[in-house]
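To start, the structure itself, in structure tokens.
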Amino acid sequence: MPIRVNDTEVPAPEDARVSLLDLLREHLHLTGTKKGCDQGACGACTVLLDGNRVLSCLTLAAQAEGREVRTIEGIAGAAGELHVLQRGFVEHDGLQCGYCTPGQICSAIAMAEELRRGDPSYVTPDIAAGPAAVTREEIRERMSGNLCRCGAHNGIVEAIEAMLAETAA
Amino acid sequence: MTKLQNAIIGGVRAVLGQVPASWLPGGTPDPLIDKRVALGGQQSRIDGPDKVRGAARFAAEVAMEDLLYAAFVHSTIARGRIADLDVSDAEAAPGVALVMTYRNAPRIGVPPPIGLTNLKAAGNHTLPILQDPEIHWNGQVVAVVLAETREQADHAASLVRVRYDAAPARTRFEEGKTSASMPESILVERNRLDKGNAGQKFAQAAVTIDGVYTTPWESHAPIEPHAATIAWRDGKLIVHDATQMIHATAGSFAKVFGLKAEDVHVSSPYVGGGFGAKALWDHQILGVAAAKLAGRPVRVALSRASMHRLIGGRTRTEQRVALAADADGKLTALLHHGYGVKPRHSVCDEGFSLTGRSLYACESFDIVQHNVELDLLANSFMRGPGETPGTFAIECAMDELAHALGMDPIELRRRNAATCDPVSGAPHSQSAMMEAYDLGAARIGWHRRAPRPCTRRDGEWWIGIGCATGTFPFTRMPGTSARITLDANGDAHVASAAQEMGMGTATVQRQHAADRLGLPLERVTVAIGDSRLPFASFAGGSSQTASLAAAISAASGKLAIQLMRLAGNDTPLAGLKPNEIEFAEGGLRSVEDPARHESFASILRRAGRGELSAIGESGAPLEVLKYSMHSTSAIFCELRVSEVTGEIRVDRLVGAFDCGRILNAKTAASQFKGGMIMGLGMALTEETLLDERTGRIMSTSLADYHVPVHLDVPDIDVLWTDIPDPRTPLGARGIGEIGTTGVAAAVANAVFNATGKRVRDLPLTLDKLF
């Protein structure tokens, strides 16, 4: 079964060992998705699979058959205009080297949806009630799977806050 | 060599002490210190849009036809030789193009080591690479597999069988200390500074403290793994590398493979985090050799485990600091004795013993460091080398001394802040450490700090505030050059083989060139990241901005002279001398009479020229030998420590920096914060774990080597004095590394303030607290 990547159908690879990450980078040359550790520890390879964030290094390409993959190349608008979060990353300097950035952005977009659904996190005071308010602590906990070594954390959180404020308005 | 080096540097310093300041670089302060339009603003980084789209191209992302993928087999012993090597199964595995071992590898030279004299050298160690069966460290590459796909290469690598004859290896720190060596010098400073009879003063002092501080092996852990995409074409070498030393890498390839310099092309437009790690290590050399052997392009992309086997990190240190003071808190003796691991094949000095030489006035010093020579992967420079572990020891000791004196820690520093170089007596080019302390203390609310430890608590949490000084020396590299080209529209295009790994290199130099040439930002472009551009030194030692700024400034001076020549006599500028003109409004004008002006476009048009270019170079950095040129910072930390678990939560960090003028407030704030976050990791979690029985690194993944995550990083405030350094280009000193220094001490001092527990061993993990 083919895989839909950013609204385009691509065939699944013949070699069953190929990860979704290597399919994107090495077979499709969609190199915006980054390989940081290839072990599920850094989050740089985060993509959206049917709208949910997944680590594409720990996802076999075969697992994405018949499903919808959205990568950083599919986040901007049809005319190429930056997504509100992409704009926020530039404005708030939520990046330095830029290598963890696509993963941070994909992760945060899915995280916003998790917040909207009311999914609790480790720091949510009342797990049954879900997050009452979107605090910095909530954002930080939920983004902790995306490592940044340059130390752009403050700017990343500010960019996410700006996105949440803009989409809530 | 180092004895000779000591003599030369000592001699030059002595001579320059007598030379008038006006003869030296920076003798006349850079006019752009004050005349700033684009500089100093909040310019967003120009590569930001490409990076947030995922369109910035990194080394492992260059598409090539017929590409082979490399996988490495690493030695599992620390010392000995390969007795038996069976690659038959690997060679027969699907998709394998070849297996390269010492038996069939091309005969190549040893990379020239990084040093002070050869700007085209990048080697991090002095050992031959896959040329013989000898094993020098646990993790050294013993075979390279090339295959059609990464999956095939990884599988085939698992089929290589190696048997070793192991030899006794030195892998234990404590044992290595007993035979440690004492080098003649550390970087450019004489090793063992014995001045003013420190031992005797210590013995006679009113108040003393004496402690041993230890810092572990640490890893740079950039998020982009080391990678290179390599091709040989018609005897010429093309390497798309992830490197913070483009020309030095190209020069090293030329030397190792016996090529002409012009036959080596290294491209590295973006580097996904460097911190000292993105240098020349074995993987590039092996990739180039394997591509040559296979006659096909090769991609090398290291796994996290391979990174830990092949890329050296910050070395482990053990530092004794003993301080003595009179009853008023004036330092009378500073003793700093330490050990750091430096294998014999390593070329990087971890100069932790330099910190105490520059910060505080003191009557006497006894400072020496020893190299523990183990059979390990060569150590390397990591963000803020020397001063990062050095400030942990010195600044914790200062906190201990303040406590022993019953004195506020900031007051202790105020009483001892150096007003000139404490060792040589050389004047500071600019220094305002206490202004930084005042800024930071006001921001963190230092008055809320309880003078007595174990005073503030909130439920299970003990609360504390601590501070520490950070510092890093100014460096400007000679040889870095830049070309400015004016096009027919009068727009400027700057080019230099400088490096971008997140510092905002092109962003800031575009601001600089715009102000230098009197152009609006949108009429300036900056190209970097490619060895075909004019020579640039490495991005290291926090030197790149100053070096590039000097080069662009020099190029602009040459450009002005060329423009005046082209302008001839039919110009409003006719008759003016070079020192009577300045760049303004997209052209040149008279300093005296601004109405006399002609645009670049007009000058070029009249001369019938489509473009005009000039190359300028950063000259010998003699200013650093005449002046004491160090940046300083005051780092503050507020944290909580759980009485139940010993967990530390850092609630706030404040960094106040005295680094000359700030060139871009937005990117500078990010760089300072980034440095501080690396310091936070050093304080709390980071430790490369070495199995001392086997010399093998155990923490070879980002799941085992713990860098700060979002939830670990609080809101960070950064401030700066913004006082210009009159001896530097743009009045600025480098800011890339100082952020990391001082942070671990500030955290440890805050832990002491919270709990009364003094931990002298990093990282400050829970088990060490209660």
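So the values come out like this:
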item: Count - residues of segment A:40-56 that are surrounded by fewer than 24 Cβ atoms within 10 Å (Cβ to Cβ) and either over 19 Å from B:His710 (Cα atoms) or at pLDDT below 95 (or both); result: 5
item: Single unsatisfied condition, B:Lys3 versus (1) more than 13 Å from chain A (Cβ to nearest Cβ); (2) assigned to a loop (DSSP other than H, G, I, E, B); result: (2)
item: Number of the condition not met by B:Ala683 [criteria: (1) among the hydrophobic types (A, V, I, L, M, F, W, C); (2) assigned to a helix (DSSP H, G or I); (3) within 30 Å of B:Ser429 (Cα to Cα)]; result: (3)
item: Subset of segment B:41-55 [in a loop (DSSP other than H, G, I, E, B), buried (at least 24 other Cβ atoms within 10 Å of the Cβ) and out of contact with any Pro (no Cβ under 6 Å at 6 or more places or on another chain)]; result: B:Arg45
item: Subset of segment A:24-40 [part of a helix (DSSP H, G or I) and at the interface with another protein chain (Cβ under 8 Å from one of its Cβ atoms)]; result: A:Arg25, A:Glu26
item: Residue identified as over 17 Å from the mean Cα position of the chain (by Cα), of a type in the set (Val, Ile, Thr) and either facing chain B (nearest Cβ under 8 Å) or over 16 Å from A:Arg53 (Cβ atoms) (or both) among A:Val123, A:Val84; result: A:Val123
item: Criterion: within 11 Å of chain B (Cβ to nearest Cβ), out of contact with any Ser or Thr (no Cβ under 9 Å at 6 or more places or on another chain) and crowded, with 22+ Cβ neighbours inside 10 Å - qualifying residue of A:Ile139, A:Ile156; result: A:Ile139
item: Qualifying residue in segment B:637-644 (condition: among the hydroxyl-bearing types (Ser, Thr, Tyr), within 30 Å of B:Asp712 (Cβ to Cβ) and in contact with a strand residue (DSSP E or B) (Cβ under 8 Å, 6 or more places away or on another chain)); result: yes
item: Some residue of segment B:3-22 being without any contact (Cβ under 8 Å) to a residue 40 or more places away in the chain and under 30 Å from A:Leu23 (Cα atoms); result: no
item: Check on B:Thr419, surrounded by fewer than 19 Cβ atoms within 10 Å (Cβ to Cβ), assigned by TED's automatic domain parsing to the domain that holds B:Asp717 and of a type in the set (Ser, Thr, Tyr); result: yes
item: Sole exception among (1) out of contact with any Pro (no Cβ under 8 Å at 6 or more places or on another chain); (2) facing chain A (nearest Cβ under 10 Å); (3) surrounded by 23 or more Cβ atoms within 10 Å (Cβ to Cβ); (4) assigned to a helix (DSSP H, G or I) for B:Ala750, by number; result: (2)
item: Pair list, Cβ < 9 Å and 6+ apart or interchain, from segment A:56-85 residues that are of a type in the set (Val, Ile, Thr) to residues that are part of a loop (DSSP other than H, G, I, E, B) and surrounded by fewer than 16 Cβ atoms within 10 Å (Cβ to Cβ); result: A:Val69/A:Asp50
item: Of the criteria (1) part of a loop (DSSP other than H, G, I, E, B); (2) more than 22 Å from B:Phe752 (Cα to Cα), which one B:Arg483 fails; result: (1)
item: Residues of segment B:337-346 that turn out to be out of contact with any Leu (no Cβ under 6 Å at 6 or more places or on another chain) and surrounded by fewer than 22 Cβ atoms within 10 Å (Cβ to Cβ), as a count; result: 2
item: Condition check for B:Leu719: of a type in the set (A, V, I, L, M), buried (at least 18 other Cβ atoms within 10 Å of the Cβ) and either assigned to a helix (DSSP H, G or I) or facing another protein chain (nearest Cβ under 8 Å) (or both); result: no
item: Residues of segment A:63-81 that turn out to be away from chain B (no Cβ under 13 Å) and at pLDDT 95 or above, as a count; result: 7
item: Matching option when the condition is closer than 30 Å to B:Gly312 by Cβ and assigned by TED's automatic domain parsing to the domain that holds B:Gly681, among B:Ala361, B:Ala378; result: B:Ala378
item: Residue tally, condition facing chain A (nearest Cβ under 9 Å) and touching a strand residue (DSSP E or B) at 6+ places or on another chain (Cβ under 6 Å), over segment B:696-716; result: 2
item: Hey, B:Leu39 touching a residue at least 12 places away in the same chain (Cβ under 8 Å) and within 14 Å of another protein chain (Cβ to nearest Cβ) or not; result: no
item: Residue within segment B:150-165 that is crowded, with 20+ Cβ neighbours inside 10 Å and among the basic types (Lys, Arg) present; result: yes
item: Failed condition for B:Thr249, given (1) within 14 Å of B:Arg532 (Cβ to Cβ); (2) in contact with a Ser or Thr (Cβ under 9 Å, 6 or more places away or on another chain); (3) within 14 Å of chain A (Cβ to nearest Cβ); result: (3)
item: All helices (runs of 4 or more DSSP H) inside segment B:138-206 with 2 or more residues being closer than 30 Å to B:Cys362 by Cβ and in contact with a strand residue (DSSP E or B) (Cβ under 7 Å, 6 or more places away or on another chain); result: B:173-177, B:198-204
item: The one condition in (1) within 16 Å of the chain's Cα centre (by Cα); (2) surrounded by fewer than 19 Cβ atoms within 10 Å (Cβ to Cβ) that A:Pro2 fails to fulfil; result: (1)
item: For A:Leu95: the one exception among (1) free of Cβ contacts under 8 Å to residues at least 60 places away in the same chain; (2) within 11 Å of chain B (Cβ to nearest Cβ); (3) of a type outside the set (Gly, Ala, Ser); result: (1)
item: Helices (runs of 4 or more DSSP H) contained entirely in segment B:533-649, each with at least 1 residues that are more than 40 Å from the chain's Cα centre (by Cα) and surrounded by 17 or more Cβ atoms within 10 Å (Cβ to Cβ); result: B:544-567, B:600-606
item: Residue under evaluation B:Asp593, criteria (1) touching a residue at least 40 places away in the same chain (Cβ under 8 Å); (2) more than 22 Å from B:Val494 (Cα to Cα), criterion not met; result: (1)
item: Within segment B:255-283, considering residues that are in contact with an Asp or Glu (Cβ under 6 Å, 6 or more places away or on another chain) and more than 14 Å from chain A (Cβ to nearest Cβ), the one surrounded by the most Cβ atoms within 10 Å (Cβ to Cβ); result: B:Val266
item: Failed condition for B:Ala665, given (1) buried (at least 18 other Cβ atoms within 10 Å of the Cβ); (2) under 21 Å from B:Gly734 (Cα atoms); (3) among the hydrophobic types (A, V, I, L, M, F, W, C); result: (1)
item: Residue satisfying all of: in segment A:5-23; part of a strand (DSSP E or B) and β-branched (Val, Ile, Thr); farthest from B:Arg150 (Cα to Cα) among these; result: A:Thr8
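The values are calculated or read from the model by the stated rules, or taken from the named source; none is laboratory data. Since we're looking at a predicted model, the values are computed, not measured. In this analysis, Cβ positions are derived from the backbone assuming ideal geometry, glycine residues included, and neighbour counts consider all displayed protein chains.
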